[in-house]
Amino acid sequence: MKEEHKLILNLIQSYLEKNPSQRFGQALFNLGINEFQETIDPRNPNYNIRDIHGDSDLKIVERIKNRLDLFESQKNKK
């Protein structure tokens, strides 16, 4: 298994251990792994899932880490 795959799985596992009430699919969205397509008109949201086929594993790791940093900064503001 590639190191990036292990890292992604470890990040998901850690997140789910800290958030046991979350469903797996929720975790994928909350961590930025799966995303909705961009919305051009905010009055007409786009709920189609963006194709992540071309995203590198490192790009996915970066999105996960950015989300975890965001969650941590939000938690610290409370």
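The residue that is farthest from the chain's Cα centre (by Cα), among those in the range 17-31 that are more than 18 Å from Asn66 (Cβ to Cβ) and part of a helix (DSSP H, G or I), is Glu17. Scanning the range 69-78 for residues that are assigned to a helix (DSSP H, G or I) and not aromatic (Phe, Trp, Tyr), we see that the one that is most open to solvent (accessible area, probe 1.4 Å) is Lys77. State all residues of the range 9-26 that are under 18 Å from Lys59 (Cα atoms) and either touching a strand residue (DSSP E or B) at 6+ places or on another chain (Cβ under 6 Å) or loosely packed, with under 12 Cβ neighbours inside 10 Å (or both); if no residue qualifies, say none. Hits for the range 9-26 are Leu9, Asn10. Tell me, yes or no, whether the range 27-38 has at least one residue that is in contact (Cβ under 8 Å) with a residue 24 or more places away in the chain and open to solvent by 90 Å² or more (accessible area, probe 1.4 Å). No, the conditions are met nowhere in the range 27-38.
When residues in the range 1-16 are screened for being touching a residue at least 12 places away in the same chain (Cβ under 8 Å), assigned to a helix (DSSP H, G or I) and not aliphatic (A, V, I, L, M), 3 of them pass.
Looking only at residues in the range 31-42 that are out of contact with any helix residue (DSSP H, G or I) (no Cβ under 7 Å at 6 or more places or on another chain) and not aromatic (Phe, Trp, Tyr), the one that is farthest from Gln13 (Cα to Cα) is Asp41.
Could you please find all residues in the range 43-68 being open to solvent by 100 Å² or more (accessible area, probe 1.4 Å) and within 19 Å of Ser14 (Cβ to Cβ)? Passing the criteria: only Leu58. Got at least one residue in the range 64-71 being touching a helix residue (DSSP H, G or I) at 6+ places or on another chain (Cβ under 6 Å) and among the β-branched types (Val, Ile, Thr)? Within the range 64-71, one or more residues are touching a helix residue (DSSP H, G or I) at 6+ places or on another chain (Cβ under 6 Å) and among the β-branched types (Val, Ile, Thr).
The values are calculated or read from the model by the stated rules, or taken from the named source; none is laboratory data. Since the model is a prediction, treat every value here as computed from it, not as a measurement. Don't worry about glycine lacking a Cβ; one is built from the backbone with ideal geometry, like all the others, and counts go over all protein chains shown. Just the protein is used for accessible areas: all its heavy atoms, side chains included, with ligands, DNA and RNA removed. Shrake-Rupley method; radii C 1.70, N 1.55, O 1.52, S 1.80 Å.
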